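Q: Can you read through this structure? Questions will come right after.
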Amino acid sequence: MKIFIDTAELTEIKEAYSWGIVDGVTTNPSLIKKAVDARDEIHLEEYIEEILRTVDGPVSLEVIGLRAEEMIEEGVFLYERFNPVNDNVVVKIPINTRTKDGQSKKYDGLKAIKKLSSAGIPVNTTLIMKPEQALLAAKAGAAYVSPFAGRIDDYIRSNVGLVRGEDYDKGAHHDPSLMDEAIVLAKRPFEDGLFGETLEEIYSDERLKDLRSSARDEGIRSGAEAVRSIKNIFDNYDFDTEVLAASMRNSRQVREVAEAGAEVATLPFTVIEEMLGHYKTEKGILAFSEDVVPEYKGIFEG
Ligand code: G3P
């Protein structure tokens, strides 16, 4: 699995790249904002050029327009302006840019993906929240689809009333089997006949249906499960589109999307660090250090 770093912070990119495990970078307007806010002054075009030169691998830069024509124009601009720097620009297009004011349509993203991909510009489709969106993006020719695993987990947890920041931390792993347990417990009254007595009554009980569906997003129980589903669909039809797991929040989630066969996971700096940590590793290295005898130390000193 390729690892991209999900940041526009150059110091993080340079540091993680020096570890030899970074294959690319993903940015978005929020990550660019963070990098800009962290500095008194910034020449953004030069800053982006430095990111591109730092990494020998794809760097996603996102458009900001919402209508197809704007996204196409901006995508061409980003590619023509920045790709000559190190031949590694990927243009990020949201799968659906429809907003409440109606200035763009649901399918504007698809039109932009099709147009840019047909012109040979690699597209990373962002804000993928369900496998069907990924299927459409792949059909339109996207080089990558980015399912937002962490935000899918947030959404599922919000449907059962859990609030991020109050009930769980941003980095807390979402375990769908806990949801299953909760449903089993909540179903107990049915043993007392509250949900009906025949299988037909139980199967069609609306309260049970609500219970089941609130712990899933249209059948998907977690972000990692969405990644697995997308990977299966792409394999079924031999799509070349790569699955790029995004909005990654913790080390265990990285394991899950790797098991699912995602070609890429884009990770915040802190998640890469978390992947290295284990209590027993830290204990172990302390013990090894304490056990170094002078004779052993001597062989290194010549
Ligand atoms: O990869 C997309 C990412 O930057 C969004 O992450 O944690 O804000 O959902 P997050």
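The values are calculated or read from the model by the stated rules, or taken from the named source; none is laboratory data. No experiment lies behind these values; they were computed from the predicted model shown. Quick reminder, even Gly has a Cβ in these numbers, built from the backbone with ideal geometry, and neighbours come from all protein chains shown.
Q: Pick from 272, 233: which is touching a residue at least 24 places away in the same chain (Cβ under 8 Å), under 30 Å from residue 121 (Cα atoms) and in contact with a Pro (Cβ under 9 Å, 6 or more places away or on another chain)?
A: 233
Q: Could you tell me whether residue 265 is assigned to a helix (DSSP H, G or I), within 16 Å of the ligand (Cβ to nearest atom), modelled with pLDDT of 95 or more and not acidic (Asp, Glu)?
A: no
Q: Filter the stretch 232-262 for residues that are within 12 Å of the chain's Cα centre (by Cα), under 20 Å from residue 94 (Cα atoms) and not β-branched (Val, Ile, Thr) and give the result.
A: Those that are within 12 Å of the chain's Cα centre (by Cα), under 20 Å from residue 94 (Cα atoms) and not β-branched (Val, Ile, Thr): 244, 245, 246, 247, 248, 262.
Q: Test residue 89 against the criterion of being among the hydrophobic types (A, V, I, L, M, F, W, C), surrounded by fewer than 24 Cβ atoms within 10 Å (Cβ to Cβ) and away from the ligand (no atom under 15 Å from the Cβ), and give yes or no.
A: So residue 89 passes the test.
Q: Which residues, counting only those in the stretch 169-180, are more than 13 Å from the ligand (Cβ to nearest atom) and modelled with pLDDT of 95 or more?
A: Scanning the stretch 169-180 gives a single hit, 173.
Q: Suppose we filter the stretch 216-255 for residues that are charged (D, E, K, R) and within 16 Å of the ligand (Cβ to nearest atom); how many remain?
A: Number satisfying all stated conditions: 4.
Q: In this structure, is residue 134 within 14 Å of the chain's Cα centre (by Cα), more than 14 Å from the ligand (Cβ to nearest atom) and crowded, with 24+ Cβ neighbours inside 10 Å?
A: Yes: the conditions hold for residue 134.
Q: Select from the stretch 197-238 the residues that are of a type in the set (A, V, I, L, M, F, W, C) and over 19 Å from residue 160 (Cα atoms) and list them in ascending order.
A: 199, 202, 227, 230, 233, 234
Q: Further, regarding this structure: Which residues, taken from the stretch 151-160, are in contact (Cβ under 8 Å) with a residue 12 or more places away in the chain and either more than 10 Å from the ligand (Cβ to nearest atom) or buried (at least 24 other Cβ atoms within 10 Å of the Cβ) (or both)?
A: Of everything in the stretch 151-160, those that are in contact (Cβ under 8 Å) with a residue 12 or more places away in the chain and either more than 10 Å from the ligand (Cβ to nearest atom) or buried (at least 24 other Cβ atoms within 10 Å of the Cβ) (or both) turn out to be 152, 153, 155, 156, 157, 159, 160.
Q: Also: Show the residue pairs meeting these rules: Cβ distance below 6 Å; 6+ apart or different chains; first residue within the stretch 132-149 and within 19 Å of residue 61 (Cβ to Cβ); second residue within 16 Å of the ligand (Cβ to nearest atom) and of a type in the set (Gly, Ala, Ser).
A: Cβ pairs passing all conditions: 145/134; 145/137; 146/246; 148/246; 148/247.
Q: While we're looking at this one, here's another question. For the stretch 32-41, which residues satisfy the criterion of being closer than 25 Å to residue 19 by Cβ and either among the aliphatic types (A, V, I, L, M) or surrounded by 15 or more Cβ atoms within 10 Å (Cβ to Cβ) (or both)?
A: Within the stretch 32-41, 32, 35, 38 meet the criteria.
Q: Sort out which residues of the stretch 271-302 are over 32 Å from the mean Cα position of the chain (by Cα) and not in a helix (DSSP H, G or I), and write them in order of number.
A: 291, 292, 293, 302
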